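The values are calculated or read from the model by the stated rules, or taken from the named source; none is laboratory data. Keep in mind the model is a prediction, meaning the values are calculated, not measured. Here the Cβ is made from the backbone with ideal geometry for all residues, glycine too, and neighbour counts use every protein chain on show.
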Amino acid sequence: MVMLWLVIQREFVSNVLTSRFMIGFIVCLLSTAVAVFVQVDDHEKRLVGYNTAVREAETEAREWELYSKIKPKAHRKPNPLSIFNVGTENEGANTVTVELAKPIFEPSFPIWGAPTQKRGSDNPFLTIFLTVDVVFIFKIVLSALAILFAYNTISGEREDGTLKLVLSNSIPRDTIVLGKYLGGMLSLLPIVLVSLIVALLMALSSGITAFDGNDIAHVVLIFGVSLLYVSTWYLLGLLLSVWTKTAATSLILSMFIWVLLTSVHSNVVTFAVEKFPPYQSKPEAMFLQSASDAWNQFGKERDAYLKQRGYENITKSITWEPETTPTGTRSSSWSGGYFLIENYTVNSIGRADTSIFQEILGYQEQLRAEYAGKAEEILNKPAEQRERNVKFADAFSRVSFAEVYHFAVGAIAGTDRQHYNDFIQNARAYKREIVEYLKDKKAFSSRAWFSNDQGPAELTDLPVFEHQRLSLSESFSRASVDILILLAWNIVLFMVAYVSFLRYEMS
Amino acid sequence: MIGQIAKKEIHHNLTTLRFALMIILLPVLFLVNALMYSLGGDGYMAQVNTHNRQETQKTKHIEDAANKSLAELALVGPGEISKSPSRLIFCADGANAQIPRSVTMVSGGSWSRTGQYETEDYEWTPPWTLEYPLQSKARGTMQRIKIDWVFIGMLMSFFAILFTFDAIAGERSRGTLSLIMSNTISRGQVLLGKYLGAFFTLMVPLLIGILMNLLFILLSGNIPFASEDSLRILGMVAVFALHLSIFIFLGLFFSSRVSNPITSLVWLLLTWVCLTFVFPSLLGTFVGNLNPILSVDEVSMQKEAQLGQLRDEFRPHGGASPYNGLGETASKLSKAASVENPEATRLWATYFTREIETKTRFADGQIDSQFQQVQLARDITQISPIATFQYAMEGLANTGIVSYMNFVKQARRYRQTFIDFIKTEDQSDPESLHIYPVREGLSQKPVNPDAVPVFEEQISYRSVLTQVGLLVLFNLLFFIIAQVSFIVSEVK
């Protein structure tokens, strides 16, 4: 034990006193600080946009008087952890407008009256610059540092001739490997720790981020995964250092692997999947066509029901007593192909008997909501296909443990694609909730569906979209596969390095 | 003597591990690039097809309108104008998926009102304006880094570092530097020899890779090269050479500063990481956010407010009932525009002109401020040679944001040309009222569709000159500091 401590100490001191430690420390710290500064600014903008959108939606909600006119909105709340890992935070839609007759889906081209919008962005062209966040810097810079610390642990000593001296002592070889590994990690630890603490302090002092205990716990988890990641690289460098005869060779080799794993591999894989998607999908226009067919089907079903009731048109079911001009109804329909909204205004409402009309409406509008669900299923197919392609690319990207680290942190921070898709799913669930709410209130067949002459619609207890944040254990279980992969890499690399060193020939 | 040193360097380099690694990676990447861009989805041919389809649509749109009447053409506008795709997109992708490929100059349908009280029935088409639609969803594309020549150039700069980090420091630590110095050769010559050695070791595999790449693309036949492309590609090779040379000088500089090659590599590596990843992206985002602009939502709100004011003033949809007692103003446009009533037509023209003016002011103003932000960010990030290299390649390939800015500029010029054409054509019809832009105020005779001016995109390579100049400047700068630091450095 004393021996182990001695080896650790020696390794630590010899690392910390080198210039690479100082340079690495400063570069890591500076770039982290700048990245946090930029990302805090960005997050603030998102928050302002979010708050404005929520306020506007509230003002709008106060003006709803008819059940048919309500348009509740689901807003994606900016994630404070995006300061550490931006991920999909700036991508995709952040507002979903819930309308009963409109399917919720994400078109990949501009579409009229789209249900999913992106609010509050000021310059879409700035996306041509890559987003750099703390995790990105860790992924690139820390891995390089780990390698620079590890590449000469064995081969360097061998070249200096000190390895013979070390081995001639009574220290067992396993103690040396373990000591060198722990010593190296001990010298990398302050860099990771200080960088993250500085990032956290900067984020906290900016005053716009409200980190709660849950967020801090997430940051601690990110810290743990980052350490695991750095350790993987360190072990890789150690292994190469055992395998190669000279420090120069091990350095060149590990630098090459570094560039391959951090910059080349995942880019090539993702690009290849993008150019040759394994799951081909029909053009999106065809899905729009089938959605439009579904709405035609709706029209037929509705007409059949009307016929059965003995009316050729829904508005014919209203009778006026006494018959005066102007009577009649005005109906406006609004269709973009993929949705069909129909509104009715009854003139001289005070003299109109609308009981049958209301009854028919009750059937028709529920049917409409059902068909909107059917259209949604159809229109969601291209997005599902895209998602499958992305999953495919991600699976292959995981060959590189640099990407595994990225995915793990994304899952923990709650800024990966999964969380984004959850938002869209939650918006759909919210819509179903609204439909249920209206059903419970018998709103579809109420007078307040189309007219406020007998008082406006009662909407005080309308459900509000709840933003869901994951707890630490949920985040952990989402990232668990990736964390396990990292752990497996660590164990394998350590075992191989250990065995290789035990069989190391001193010549 | 320089030749001898260079030769010795090349011989030495050829036998190293890094050379072996480089000549494995380089052809693989060039082949991947050729394969993806010539055979993969959304390739050049697919883009050309889309472009041609849009062009035919546009021609048909113009023909239909022109055959109806000049007035119709004046109101519906020339249609959607799309940017012709670049053949050299495989050289520099330039965030192609994030950048729009067209602008629209088309009217958004027609309005009508039914007369009540003293307003007359009227149906009108609001005149077209130039609009800049966004590339709607970047979510379809997964990643921003594409395997184009720029990416390969970035990796090559990494290899440039690997080849030079020990060029001088290695000799110094081995003790052979003093042997070289004891010869009658000047230090400048030693440095130049080392430089040339590294330069050729890098450039020859690169050229072979480029040739393979081009050959593959040529054989696949999916990108029909034009003769001017060869000049552009030659220009790109030159930009490549300038770019690599900067990093060789940088490597030699650090190598001559320190006694231990590893220290030099640490410095170089971190510099490279900063120049490649951290610096351009972070600085770009940072500078881009320095002077904030209005968000898309705010602009559209302001625009709607002003248009609303305009509508309140003119009330094109008819005035409120004079009997409801709200004291609202009656419609200024209560009379329909017609050939018999030039007064009313002129009023409509005033309304339309102000509407166009408002819409244009907001649309142009917004995109101008966005462009300004991006331009500033790009200008500043050019302190990193890798960013400069990227922009030069994008300029030569005619991709990226600058080519879109040029396109927009030309579209605006075309807007004026088109309006001028309508006005001159209208002058030649004696029956017309010559009131632009109202249907009833313009000539009702058809025009020859072939006489309508056609949008032609001019590609300008002028912006590349700045970047090439910068690259040369970087070369000179790093050459001088490498030279000076080597001359003053200790042999041991």
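Is it the case that A:Tyr344 is modelled with pLDDT of 80 or more, assigned to a loop (DSSP other than H, G, I, E, B) and more than 24 Å from the chain's Cα centre (by Cα)? Spelling it out, it is not the case that A:Tyr344 is modelled with pLDDT of 80 or more, assigned to a loop (DSSP other than H, G, I, E, B) and more than 24 Å from the chain's Cα centre (by Cα). Can you confirm whether the range A:207-218 contains a residue that is acidic (Asp, Glu), farther than 30 Å from B:Gln47 by Cβ, surrounded by 18 or more Cβ atoms within 10 Å (Cβ to Cβ) and modelled with pLDDT under 90? Yes. B:Leu214 - would you say it is without any contact (Cβ under 8 Å) to a residue 12 or more places away in the chain and within 26 Å of the chain's Cα centre (by Cα)? Answer is no for this residue. Screening A:Gly120 with (1) away from chain B (no Cβ under 12 Å); (2) over 26 Å from A:Arg20 (Cβ atoms); (3) within 39 Å of the chain's Cα centre (by Cα); (4) not aromatic (Phe, Trp, Tyr) gives one miss only, at (1). Among helices (runs of 4 or more DSSP H) entirely within the range A:159-264, having at least 1 residues that are out of contact with any Asp or Glu (no Cβ under 9 Å at 6 or more places or on another chain) and within 14 Å of chain B (Cβ to nearest Cβ) singles out A:173-205, A:213-243, A:247-259.
Identify, from the list A:Glu60, A:Glu106, A:Glu91, A:Glu56, the residue that is more than 10 Å from every other protein chain (Cβ to nearest Cβ) and either outside any helix (DSSP H, G or I) or within 30 Å of A:Lys439 (Cα to Cα) (or both). Spell out the reasoning first.
On the way: A:Glu106 fails: more than 10 Å from every other protein chain (Cβ to nearest Cβ); A:Glu91 fails: more than 10 Å from every other protein chain (Cβ to nearest Cβ); A:Glu56 fails: more than 10 Å from every other protein chain (Cβ to nearest Cβ).
The unique qualifying residue is A:Glu60.
In this entry, B:Phe225 passes the filter for residues that are surrounded by 12 or more Cβ atoms within 10 Å (Cβ to Cβ), away from chain A (no Cβ under 14 Å), at pLDDT below 90 and farther than 27 Å from B:Leu17 by Cα. B:Phe159 fulfils the conditions (1) within 21 Å of B:Ile480 (Cβ to Cβ); (2) within 14 Å of chain A (Cβ to nearest Cβ) except for a single criterion, (1).
Hey, among the residues in the range B:27-47 that are aromatic (Phe, Trp, Tyr) and within 12 Å of B:Asn222 (Cα to Cα), which one's nearest to the other protein chains (Cβ to nearest Cβ)? Working first, answer last.
First, pick out the residues of the range B:27-47 that are aromatic (Phe, Trp, Tyr): B:30, B:37, B:44.
Of the ones still in play, those that are also within 12 Å of B:Asn222 (Cα to Cα) are B:37, B:44.
Numbers: B:Tyr37: 8, B:Tyr44: 12 Å.
The qualifying residue nearest to the other protein chains (Cβ to nearest Cβ) is B:Tyr37.
In this entry, B:Thr285 is excluded by the filter for residues that are touching a residue at least 12 places away in the same chain (Cβ under 8 Å) and either surrounded by fewer than 19 Cβ atoms within 10 Å (Cβ to Cβ) or over 21 Å from the mean Cα position of the chain (by Cα) (or both).
Taking the condition surrounded by fewer than 22 Cβ atoms within 10 Å (Cβ to Cβ), more than 21 Å from A:Thr131 (Cβ to Cβ), in contact (Cβ under 8 Å) with a residue 40 or more places away in the chain and in contact with a Leu (Cβ under 9 Å, 6 or more places away or on another chain), does B:Ser384 pass? Lay out the reasoning, then the answer.
Working: surrounded by fewer than 22 Cβ atoms within 10 Å (Cβ to Cβ): yes; more than 21 Å from A:Thr131 (Cβ to Cβ): no; in contact (Cβ under 8 Å) with a residue 40 or more places away in the chain: yes; in contact with a Leu (Cβ under 9 Å, 6 or more places away or on another chain): yes.
Taking the combined requirement at face value, the residue does not satisfy it.
Here B:Ile24, B:Ile62, B:Ile81 are screened, and the one residue that is touching a Phe, Trp or Tyr at 6+ places or on another chain (Cβ under 9 Å) and of a type in the set (Val, Ile, Thr) is B:Ile81. Scanning the range A:386-414 for residues that are among the charged types (D, E, K, R) and either without any contact (Cβ under 8 Å) to a residue 60 or more places away in the chain or away from chain B (no Cβ under 11 Å) (or both) returns A:Glu387, A:Arg388, A:Lys391, A:Asp394, A:Arg398, A:Glu403.
Among residues belonging to the range A:153-163 that are out of contact with any Lys or Arg (no Cβ under 8 Å at 6 or more places or on another chain) and more than 18 Å from A:Val13 (Cβ to Cβ), point out the one that is surrounded by the fewest Cβ atoms within 10 Å (Cβ to Cβ). Break it down stepwise before answering.
We begin by selecting, within the range A:153-163, every residue out of contact with any Lys or Arg (no Cβ under 8 Å at 6 or more places or on another chain); these are A:156-157, A:159-163.
Still in the running and more than 18 Å from A:Val13 (Cβ to Cβ): A:159, A:161.
Details: A:Glu159: 14, A:Gly161: 8.
Of everything passing the filter in the range A:153-163, A:Gly161 is surrounded by the fewest Cβ atoms within 10 Å (Cβ to Cβ).
In a residue-by-residue description of the range B:48-60, the property of being within 12 Å of chain A (Cβ to nearest Cβ), surrounded by fewer than 20 Cβ atoms within 10 Å (Cβ to Cβ), closer than 30 Å to B:Ala451 by Cα and free of Cβ contacts under 8 Å to residues at least 60 places away in the same chain applies to at least one position.
Within the range A:476-507, which residues are assigned to a helix (DSSP H, G or I) and within 26 Å of A:Asp160 (Cα to Cα)? Walk me through it before giving the result.
Narrowing the range A:476-507 to residues assigned to a helix (DSSP H, G or I): A:476-502.
Listed by number, the residues that qualify are A:Leu493, A:Phe494, A:Met495, A:Val496, A:Ala497, A:Tyr498, A:Val499, A:Ser500, A:Phe501, A:Leu502.
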